[in-house]
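S.K.: The structure that follows is given in the form of structure tokens.
The values are calculated or read from the model by the stated rules, or taken from the named source; none is laboratory data. Treat the numbers as computed from the prediction; the structure is a model and nothing was measured. Glycine also receives a Cβ, built like all others from the backbone with ideal geometry; neighbour counts cover every protein chain displayed. Heads up: the accessible areas ignore ligands, DNA and RNA and are worked out on the full protein's heavy atoms, side chains in. Shrake-Rupley method; radii C 1.70, N 1.55, O 1.52, S 1.80 Å.
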Amino acid sequence: MFVLIPGFWVPSLWTDEAATASAVGRGWRELSAMLGNIDVVHGVYYVLTKLVTDAFGISEFTLRILSLLAAAATVFVTVLTGRRLAGTSAGVLGGIVLVFLPRFEFAATDGRSYSLNMLASVLMVYCAVRLRASGSWKAAGGVAAASLFATGLSFYSVMMPLVLLTMLFVDEALRDQWKKLTIALVPALLAALGLALAASNQKFQVSWIPGIDGYTFLDVFFLQWFGDGVVWPRVPLTTPVIWQEAVATPALCLLGVAATVLACVLGDRRLTRFYLFWIFIPTFLAVAASLVMGASYYLPRYLSFTVPGVALLMGYGILVTARAAGPRRRVASLLLAAVTAFGTLYVTSQRTEFERASSDDFRFVSDVMGHHAKAGESFVASMGDDLFLAAYPAAFEGLHDLTLDETAAHRGLIFNQRIGIVHRVKLLQQQRVVWSIHKTAKPEQDTFLKAHGFVEAQSWRGPVHSVVKFIRR
């Protein structure tokens, strides 16, 4: 928690978190209707988050607190899992590495389900390890509960039961419990089937994801565990490179490869095989499904539940190196120190306002409107560009929304439906003060306001959006 808490509220809410805010900011009946149209795979997470936001309102804190608490619990269960597999030192080292992996840090401070999904997945593994050792139905029940919860949080989690079932072929002790393990995983597999059927008409949710191409290798080895980007840029960079990330990501990747090689060479093959299965089977399946089905299903953050496996493998590699005689002990110390140093360097970039997505300067818009707009005034938002309203609704209370046609809650979708200001001329003529919010590169609505009797009084410009105050002549 000492590493996770500082500054977790600093990054502005971004598109994905605004989607969460939009979903949970409506009534329960409206949320149920929305899940029939979109995001049914996130239903469990939305319900849990709505319980928090209904009690304490929508903010960075309330949208991220569940992720933060789940991340702390994930570290604890990761330590317990490592201890059962390879001893206390292996567990502690795995927990330390986990805290400093950028993808874990991202999930821990993001208002989406990734952190909770990591917790459910590592609980699934922990209970499977207990089942392997004890053969108890209690442990099998833990596997069933954790796998069902994980599937409810993310359809992609269905790949973790496949990892455990694959282990039956290479682990004799677990194979002895194959009946209990299989029975325990049936509820999750059935739930996944149900989700797949329910979401079959909601496939457009992943239509924006880039297809498998030459950059996918970079997505996997740099961003899936050692970075926090959405995807590796497919076009020339148009935003400044964050130097901390440019240094830390390749360094952590190399350290991960080094620790993996050491674990494979010096460690127990059965154990390293299990970690590698945990890491790469879901990745392989997501990429293969994309290639076979002709649609892209691979996105680095969707496989965040593999991050504890990476941490345990790296921690185990450091441990077996430390136990070796001679200079290898010094190598282990250097590996751990380097992971800590580069992980900390990456965290310093994550705790900046627009690191999540420089295009999502939602807090900038919110701050301007909250500090300067007065109740009774009006604002104009561009079509398809109003998620700042869902992310920070308090800043717009008491203001008239001139271009809103139908709310997201009424539509049963994430986004509001808007119409152009050109269709609201009569309503516009009744306004004295109008705030124009738009991407700086698209000032068309400012031109329209000027042509209809308004003059620019003041303007503010953020990384992407501009906020302009207009007053009628």
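S.K.: Would you please name the chymotrypsin sites (Phe, Trp or Tyr not before Pro) within the range 144-207 that are DSSP coil residues with at most 11 other C-beta atoms within 10 Å of their C-beta?
M.R.: The qualifying sites are PHE169.
S.K.: GLU353: net charge of surrounding residues, Cβ under 14 Å, Lys/Arg +1, Asp/Glu -1, itself excluded?
M.R.: Computed value for this residue: -3.
S.K.: Using mean Cβ contacts within 10 Å as the protection proxy, how do 385-393, 369-377, 285-293 order, highest first?
M.R.: Taking the mean over residues of other Cβ atoms within 10 Å, the ranking is 385-393, 285-293, 369-377.
S.K.: Under a 1.4 Å probe, what is the accessible area of the chain per residue, stated in Å²?
M.R.: About 42 Å² of surface per residue is accessible.
S.K.: So, one more: Sorted by mean Cβ packing within 10 Å, highest first, what order do the peptides 221-228, 141-148, 449-456, 259-266 take?
M.R.: Ranking the peptides 221-228, 141-148, 449-456, 259-266 by packing returns 221-228, 141-148, 259-266, 449-456.
S.K.: Once neighbouring chains are kept in place and the probe is 1.4 Å, which whole percent of the accessible area of the chain is contributed by carbon and sulfur?
M.R.: Solvent-exposed carbon and sulfur of the chain make up 65 percent of the total.
S.K.: Please give the Cα centre distance for the range 449-466 versus the range 405-429, rounded to the nearest Å.
M.R.: Here the answer is 20 Å between Cα centres.
S.K.: Please count, across the chain, the pairs of lysine residues with Cα atoms under 27 Å apart that sit 8 or more places apart or on different chains.
M.R.: 17
S.K.: Magnitude of the Cβ-charge dipole of the chain, K/R +1 and D/E -1, about the Cα centre, nearest 20 debye?
M.R.: So the dipole magnitude of the chain works out to roughly 920 debye.
S.K.: Can you give me the relative contact order of the chain as a percent, contacts being Cα pairs under 8 Å and 6 or more apart?
M.R.: 19 percent
S.K.: Enumerate by residue number the trypsin sites (Lys or Arg not before Pro) in the range 1-108 meeting two conditions: DSSP loop (anything except H, G, I, E, B), and at most 10 other Cβ atoms within 10 Å of the site's Cβ.
M.R.: none
S.K.: Also: For the range 45-109 and the range 243-290, what is the separation of their C-alpha centers, rounded to whole Å?
M.R.: Using only Cα atoms, the two centres lie 20 Å from each other.
S.K.: Please list log₁₀ I(q)/I(0) at q = 0.11 Å⁻¹ for the range 267-410, using the Debye equation with identical point scatterers on the alpha-carbon positions.
M.R.: Each listed q maps to, in turn, -0.74.
S.K.: How big, in percent, is the set of alpha carbon pairs in the range 108-171 lying more than 19 Å apart?
M.R.: In whole percent, the long-distance tail amounts to 30.
S.K.: What value in Å³ per residue do you get for the convex hull of the alpha-carbon atoms in the chain?
M.R.: 148 Å³
S.K.: Over the alpha-carbon set of the range 37-104, divide Rg by the Kirkwood Rh and report the Rg/Rh ratio to two decimals.
M.R.: Using only Cα positions, Rg/Rh for the range 37-104 is 1.14.
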